[in-house]
Each structure stands twice: as C-alpha cells, then as structure tokens.
Amino acid sequence: MQFVIHGISHNTAPIKILESITFNKDILPTALNSLKQHPNIIEAVVISTCNRTEIYCHFNGDYDNIVKLWLHKFHDLAPNSLTDFLYEYEGSDAIRHLLCVACGLDSMILGEPQILGQLKSAYNQALNANTLGKYLGRLFQHAFTVAKLVRTDTSIGNSSVSVAFAAVSLAKQIFSDLADLTALLIGAGETIKLTAQHLRDNGINHIIIANRTIGKARDIASQVHGYPIRLDDIPLYLEKADIVISSTASQLPILDRGLIQRALKKRKRRPIFMIDIAVPRDIEPEVGNLEDIYLYCVDDLHRIVEKNLQSRRNAAQQAGIIIDNQVENFVGWLKSQDAVPVICSIRANAKLESEQLLIKALKQLDNGALPEQVMRNFARSLTNRLLHEPSRQLNQSGLDIDNNLIDVTRRLFNIKD
C-alpha cells in the first residue's frame, strides 16, 4: 500500500503547459473513473486549478509510470511531453506535500486560503465518483484539520500580500468604519477589480467606478453594486469620495493639485484617503502636500506587502514544524492499521478456542459434573491453549542472540518487571 502524487504546478511549468492538462468539472468524473480502472489504483483524487493539477493515488502494488501514461493519454498528448514539468512524491513525502498544499505553503501567494476550498471540492468530487476510500479519505480529512490548525496557531493568513488587499487594509487603518464612506476607484484593470471586491467585502456600501470606457466601468460596478462613470465626470463626483484609489494606464496625471483643492473646499476640509497604484502616476505627487489629504503611492504599498510577506514567511516556518509533527502522526496511524488484521486473527483464534472448550464444558455439566470443577477445568484449559504458542515462541527466542521478542512481549502484556 502506497500514497503517490503526480503533479504539475506554477512552480514547474508555464501557463501554456498548465492549461493543456486541466480537468474541468464536466470531465473530472470521467477522468476519475478512467483512472480507477487500473487494478493497482485503489483510490484517486484529482485537483485541477489555474495554478496546479495534481493526481493523488492510493496504490496496491506497482505504480511505475501508470499515472504518467494515463495523463498523457487522457489529454491526447505526445508520450513523455510532460516529463520535464511533472513532479512525483510518494509515502511520507506525499503526505507532507498534501499538508503543505492545504496550508497554502505551496501556493503562488504564500498562505492564501483559496486552495483549501479547492481541495475540499476535489475531495467531494472524488467521493461522488466513488474513487475515495478509507486511506486517501482519511489523509484528506487530516489535511483539512492540519490546515485549520495552522491558521489558528500561526499568523500565516493575517497579513495582506496583494496590492489590492494592502490598499483596503490601509484604508481600514485610516477610517475605523467603512460602511458609510464612498470610494472612487479609477481604472478597470485586475487591481481595481480586486480592490472593489475587497472594499465590498469589508462593508463599504458606496463605490464609484470611473473609466475611460463606460462599459468596462459598468461591468465592475455591477459586481459590487457600484455606480459607473466616465473619467470626464470625475470632477462632479470627487467631492463625494472619502477614498480614492487609482490604477490606469494613462501617461499623464488624471488628478492634479487644483482639482483636489476644489474638492476639499466643497467637502469643508473633510479628509480624503488616496492611493495611486499607477505607474506612471495618476495623481500629482504635490497633492500629498495638501492638508487633509493622505496620499500613498505604489511604493508605499509594496513596502507594506513585503513586510507582510516576511511575516508570512516566518509563519510558514512555524507551519512547517506543525506539518512535520502531523506527518508523523498520520504515518503512525497508517502503521497502526497494519496491526488490525493481526488483532482480528488473534481475536478469532481466541473465540474459536473458547467456543470449543465451552461446548466441552456444557457436555460435562449435562453429564452431572460439578459446576465448580467444570469451571476450573475450563479456565485452566483456555489459559493453556491461548498461551501455548506464545510461550513456545518465547522459549525458542532464547536461542536467537539478536531476537527482541522478549522485550516486545513485555510491552505487549505491559509486564513491568
């Protein structure tokens, strides 16, 4: 019995290669059933995201090249075309890798929590496809538990490591409550999309999206219950904005000192928190010299992100210690499962011996033997039968110089002296 992982991720392959072997939800059940057809594959789970595709298998017997060959064939790829990008883990290394993945230690953004949800989805899909059993199922449940433990006992997820999230975190430091504030977001790129979503998730109810193309502004606004405007309309709405975050591709500043001064006058000196994520800048640097303006640029955010990233790296080291301990715990559980058939055999043998002697004892009682004598004979005979073979093996062990059977027996029967 062996755990084996075959995978490919952002660490080993370019996006073009990753895209060539993805498994969407529609084909995943077929893929799992196809994989399970091999007689040596007992259980299988497949996780497929934009950053990784990994195949987790519980094998019984030889597993050499089985998954690699299947992966190439399933995606109609030339043999060995993925060899330079694939990685493989087995045994305790496979267990450790899954725990690291679940805790976000192998993610593109260190410590990100989304991967745990993706693993749970992969687990449920395998469960529905009947390709998950006792051992791989127990391993994934263990991984979920360890991920929760790492989140609780370390600060792996406490610090923001994206520019968008750092911007919102900074806004929360300036304003204690975002609910009644208005945010003006300028641009329609990925950073603005993420920033809008983070603001919405943190309770802000009024979001204005400004962009040169009103259609793109409308697309983002619809996702966060915001209001789209054109860039030319910014002077009309700037006085309403408590938070301004800008990220466009403009080669010239969009917000100059005069425009901001007029907005401040209309706001009666109520402060504005501004973040300029654009390169080159969207907001004239001189704006930062105005009273009641808190202006931060992309360099400020990068310093925050780097500081937070270092915090996550430190937390990742703590998480590594937890994971090492939990790998040992799971390996210990696996080893304990090897004893189950032996325990069953011991119990079955003891039951057979006792039943045989019980039948004999009942016959003696029917023939008029004294109950006390029958019970004594039954106890003595059962003890002799159960301990005959262990005693013989222990006597034989005295003839073998390096035999540890005597020490093992002391532990087994909890013999102190």
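What follows is calculated from the coordinates using simple rules that are stated; it is not laboratory data. Just so you know, these numbers come straight off a predicted model, no measurement behind them. All Cβ positions, glycine included, derive from the backbone under ideal geometry; neighbour counts span all protein chains shown.
Sorting the segments 63-76, 360-373, 267-280, 94-107 by their mean number of nearby beta carbons within 10 angstrom, highest to lowest, gives 94-107, 267-280, 63-76, 360-373.
Show log10 I(q)/I(0) for the range 228-346 at q = 0.11, 0.16, 0.19, 0.20 Å⁻¹, two decimals, from a solvent-free Debye sum over equal Cα scatterers. Each listed q maps to, in turn, -0.55, -0.82, -1.00, -1.06.
Rg/Rh, computed from the Cα trace of the range 1-90 with Rh as the Kirkwood radius, has the value 0.93. Exposure proxy for 175, 413: other Cβ atoms within 10 Å of each Cβ, ordered fewest to most, give 413, 175.
Of the DSSP H helices in the chain, not one has a Cα length along its own long axis of 24 Å or more together with a mean Kyte-Doolittle hydropathy reaching 0.0. Eigenvalues of the alpha-carbon gyration tensor of the chain, scaled by 5 and square-rooted, set the equivalent ellipsoid semi-axes at 67, 26, 20 angstrom, largest first.
Contact order for the range 163-306, expressed relative to its length and based on alpha carbon pairs under 8 Å spaced 6+ residues apart, stands at 23 percent. Rg/Rh for the range 163-306 (Cα atoms only, Rh after Kirkwood) is 0.92. Full extension of the chain between residue 34 and residue 385 yields a length gain of 121.3 nm, computed as 0.36 nm times the residue separation minus the alpha carbon distance.
Under a no-solvent Debye model with one identical scatterer per Cα of the range 140-240, what's log10 I(q)/I(0) at q = 0.11, 0.17 Å⁻¹? At q = 0.11, 0.17 Å⁻¹ the computed log10 ratios are -0.42, -0.78. Here the residues 225, 10, ranked from fewest to most Cβ neighbours within 10 Å of their Cβ, fall in the order 225, 10. Mean projected area of the convex hull spanned by the Cα atoms of the range 2-153, taken over all viewing directions: 8.3 nm².
Averaging the sequence gap over all C-alpha pairs within less than 8 Å and six or more residues apart, then dividing by the number of residues, gives the chain a relative contact order of 12 percent. Neighbour counting of Cβ atoms within 10 Å sorts the residues 412, 334, fewest neighbours leading, into 412, 334.
Mean-square fluctuations from a GNM of the chain, with a 10 angstrom spring cutoff on Cα atoms, peak among 378, 144, 165 at 378. With 20 Å as the limit on Cα-Cα distance, the pairs of 172/268; 172/240; 172/193 that go past it are 172/268.
Cross-link reach is defined here as a Cα-Cα straight distance under 19 Å, omitting same-chain residues fewer than 8 places apart; for residue 68 the aspartates and glutamates meeting it are 19, 43, 54, 76, 84, 88, 90, 93.
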